[in-house]
Ligand SMILES: [Zn+2]
């Protein structure tokens with residue numbers, strides 16, 4: 001496959017993810033931003049002030065690793081900073097999705113991250129979902145709030161704001177956002193019925209052992225749930 005068609009595929013996949021997050025209600029109006037690493041010099045990212053439900057391939061912008069516009073026409077989002085932080089700190093991240101999904105954001109607003117073991121599949125797919133301390137959007141406070149977790153996290157909550165997920169590709173980042181919101185919703189409903197039971201530590205350990213021995217999935221010890 002030529003490099004050019006790789007870039008075209010990235011554009012098509014990012015547009016698809018934009019439409020999905022809007023259809024799922026993970027963003028409203030102009031909220032959220034999605035990006036993908038193109039190469040060592042360029043990142044593909046959604047423009048500011050455009051509804052994700054209406055994004056087309058030609059709307060996407062290309063920026064360099066300092067956030068300068070290098071391709072496309074439009075305004076670079078002030079939240080590009082949080083994407084740049086992820087790409088700069090992590091070589092294994094090639095896609096970033098930031099949304100405001102209702103249930104995840106509700107937990108973030110109540111000041112609660114997901115650090116305990118509740119759902120077996122979520123423990124493996126997301127690991128710990130830490131709550132990043134509130135930072136004013138568009139300032140350095142927001143990327144700085146990610147610093148304690150960025151080296152090992154695949155999903156985070158932003159206090160009083162929303163959520164961010166990372167992937168080795170666009171689909172990976174999208175599915176993490178979907179899984180995060182689904183588990184937040186399930187947890188919310190479980191609490192209306194009483195309160196969720198956390199899995200005993202022994203069962204969590206068993207899960208990590210199976211993941212590692214059967215599927216060869218290595219989970220960073222810092223990202224393991226309590
Ligand atoms: Zn936001």
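State yes or no: is residue 44 surrounded by 20 or more Cβ atoms within 10 Å (Cβ to Cβ), in contact with a strand residue (DSSP E or B) (Cβ under 9 Å, 6 or more places away or on another chain), at pLDDT 95 or above and in a strand (DSSP E or B)? Answer is yes for this residue. On the stretch given as segment 200-226, residues that are over 15 Å from residue 125 (Cβ atoms) and touching a residue at least 24 places away in the same chain (Cβ under 8 Å) total 4. Just for segment 22-32: of the residues that are under 18 Å from the mean Cα position of the chain (by Cα) and surrounded by fewer than 18 Cβ atoms within 10 Å (Cβ to Cβ), which one is nearest to the ligand (Cβ to nearest atom)? Here the answer is 31.
Here's the yes/no breakdown for (1) under 23 Å from residue 182 (Cβ atoms); (2) more than 14 Å from the ligand (Cβ to nearest atom); (3) without any contact (Cβ under 8 Å) to a residue 24 or more places away in the chain:
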| residue | (1), (2), (3) |
| --- | --- |
| 10 | no, yes, no |
| 20 | yes, yes, no |
| 34 | yes, no, no |
| 41 | no, yes, no |
| 44 | no, yes, no |
| 47 | no, yes, no |
| 53 | yes, yes, no |
| 57 | no, yes, no |
| 62 | no, yes, no |
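Here the helices (runs of 4 or more DSSP H) wholly within segment 69-188 that include at least 1 residues being away from the ligand (no atom under 16 Å from the Cβ) and either modelled with pLDDT under 95 or under 14 Å from the mean Cα position of the chain (by Cα) (or both) are 80-89, 120-125.
The values are calculated or read from the model by the stated rules, or taken from the named source; none is laboratory data. Because the structure is predicted, anything quoted here is derived from the model rather than measured. Every residue, glycine among them, receives a Cβ derived from its backbone with ideal geometry; neighbour counts consider all protein chains shown.
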